[in-house]
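Below is one structure; the comments refer to it alone.
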Amino acid sequence: MDFQHMIPCLKETAHAILGVDSPTGFTARAVETAEQMARAMGYETRRSKKGNLTILVESRDQTRTVGICAHVDTLGLMVRAITPAGELMFTKVGGAVLPSLHGEYCKIYTRDGRIYTGTILSLSPAAHVFDDARTRPQDEQNMYVRVDEKVHSAEDVRALGIEVGDYICYDPKTVFTDSGFLKSRFIDDKGSVSILLTLLRWMKESGKRPRCNVEVTFTVYEELGHGGATFSPDLEELLAVDMGCVGADLNCDEYHVSICAADSSGPFDYGMVSRLVSLAKENGIPAVLDVYPHYSSDVAVAWKSGLDAPAALIGPGVQASHGMERTHLEAMLGTMALVERYLDCQ
């Protein structure tokens, strides 16, 4: 299936989803955005008690149901302490590569609804002042957020409504280049969320239906390892759509779909992986097989939580994961095509 005509929709959807801050535990607005998109297309939805969004897709065969998942939660930061000088010390929410955040703009969300801007900096930020400006470690003990308000003390900061436990969300800086690249933070995994929402729109516009019923679930705690703990027990299979890794001795690059044979939790279902490989070959979809020893997904927690169903994982190749990420439209469209062939839409 050639999805070139869906590129404008894919770009629009990606900008909308990536533009909503949603670090793990702070995902309500992103879930609402995705839910509004799905309902506008005519799909029914439901939410789990933990906040996962499931979009229900009816099929040609009403007797079977498979699951597809991606995660809408991202990396982020949280205020850990406020120094006597009014600096915000932070802790990570998820596994951000902190050196990549030095100098990034961010927003601080207070619990009473106020939003302030700031910049993530080293505690030795000025080369003209600090001897260790170029050598000081860039970690949670040596970085802070400079708030864009006139503050000189912890009391000044607290007077703004900022307190320990407030979320700090750094800018995604989303750009589609003329050469077809998507550059942004949080392509893991909002790139996949955008792919699935675009595929759902294609189904509605083309009148195509999958072979069996589908529950498309966007989870909200994947980055902390328990997003997929509450999938429906009625699922006969689960296909996770997450990012593919680029680098080292891996086959995947930014132009291919990654079919993950195994990750840090062990191998995925052999039959599903083999079927996905065959579907890619039969349909000319640019896909490669890889093993990711430093990777985990919603599949692992689903299995550990008792999901009695085979599962597999695919996704577009993403370079510089958990940092300033990049992928290409070729990988995103390839992923969309492989999901469509897996669902056997007609």
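The values are calculated or read from the model by the stated rules, or taken from the named source; none is laboratory data. Being a predicted model, the structure only gives us computed values, none of them experimental. FYI the Cβ positions are ideal-geometry reconstructions off the backbone, even for glycines, and counts take in every protein chain you see. Calculation scope for accessible area: heavy atoms of the full protein, side chains included, ligands and nucleic acids excluded. Shrake-Rupley method; radii C 1.70, N 1.55, O 1.52, S 1.80 Å.
A few remarks follow.
- Per the listing Ser122, Ser153, the residue uniquely of a type outside the set (A, V, I, L, M, F, W, C) and surrounded by 17 or more Cβ atoms within 10 Å (Cβ to Cβ) is Ser122.
- In segment 204-219, residue surrounded by the most Cβ atoms within 10 Å (Cβ to Cβ) [restricted to those that are in contact with a strand residue (DSSP E or B) (Cβ under 7 Å, 6 or more places away or on another chain) and either free of Cβ contacts under 8 Å to residues at least 12 places away in the same chain or not in a strand (DSSP E or B) (or both)]: Pro210
- Residue in segment 251-266 that is most open to solvent (accessible area, probe 1.4 Å), counting only those that are in contact (Cβ under 8 Å) with a residue 60 or more places away in the chain and of a type in the set (Asp, Glu): Asp253
- The residue list Arg158, Arg146, Arg134 contains one member that is in a strand (DSSP E or B), basic (Lys, Arg) and either more than 28 Å from Ser22 (Cβ to Cβ) or in contact (Cβ under 8 Å) with a residue 24 or more places away in the chain (or both), which is Arg146.
- So Thr33, is it within 24 Å of Val175 (Cβ to Cβ), among the hydroxyl-bearing types (Ser, Thr, Tyr) and at pLDDT 95 or above: yes
- Residue count for segment 174-190 satisfying the condition of being exposed (fewer than 15 other Cβ atoms within 10 Å of the Cβ) and touching a strand residue (DSSP E or B) at 6+ places or on another chain (Cβ under 7 Å): 2.
- Residues in segment 156-173 that are open to solvent by 40 Å² or more (accessible area, probe 1.4 Å) and within 11 Å of Ile82 (Cα to Cα): Asp156, Arg158, Glu163, Val164.
- Scanning segment 1-25 for residues that are in contact with a strand residue (DSSP E or B) (Cβ under 6 Å, 6 or more places away or on another chain) and surrounded by fewer than 20 Cβ atoms within 10 Å (Cβ to Cβ) gives a single hit, Lys11.
- Some residue of segment 47-56 being assigned to a loop (DSSP other than H, G, I, E, B), open to solvent by 70 Å² or more (accessible area, probe 1.4 Å) and closer than 30 Å to Cys345 by Cα: no
- Residue within segment 103-114 that is in a helix (DSSP H, G or I), touching a strand residue (DSSP E or B) at 6+ places or on another chain (Cβ under 7 Å) and open to solvent by less than 30 Å² (accessible area, probe 1.4 Å) present: no
- Counted residues, segment 9-28 - those being of a type in the set (A, V, I, L, M) and not in a helix (DSSP H, G or I): 1
- Among residues of segment 62-77, those that are over 12 Å from the mean Cα position of the chain (by Cα), within 24 Å of Asp308 (Cα to Cα) and open to solvent by less than 10 Å² (accessible area, probe 1.4 Å), counted: 3
- Residue check for Ser297: under 17 Å from Val193 (Cβ atoms), in contact with a His (Cβ under 9 Å, 6 or more places away or on another chain) and modelled with pLDDT of 95 or more: yes
- Any hit, segment 281-294, residues being of a type outside the set (A, V, I, L, M, F, W, C), open to solvent by 20 Å² or more (accessible area, probe 1.4 Å), closer than 18 Å to Thr74 by Cα and at pLDDT below 95: yes
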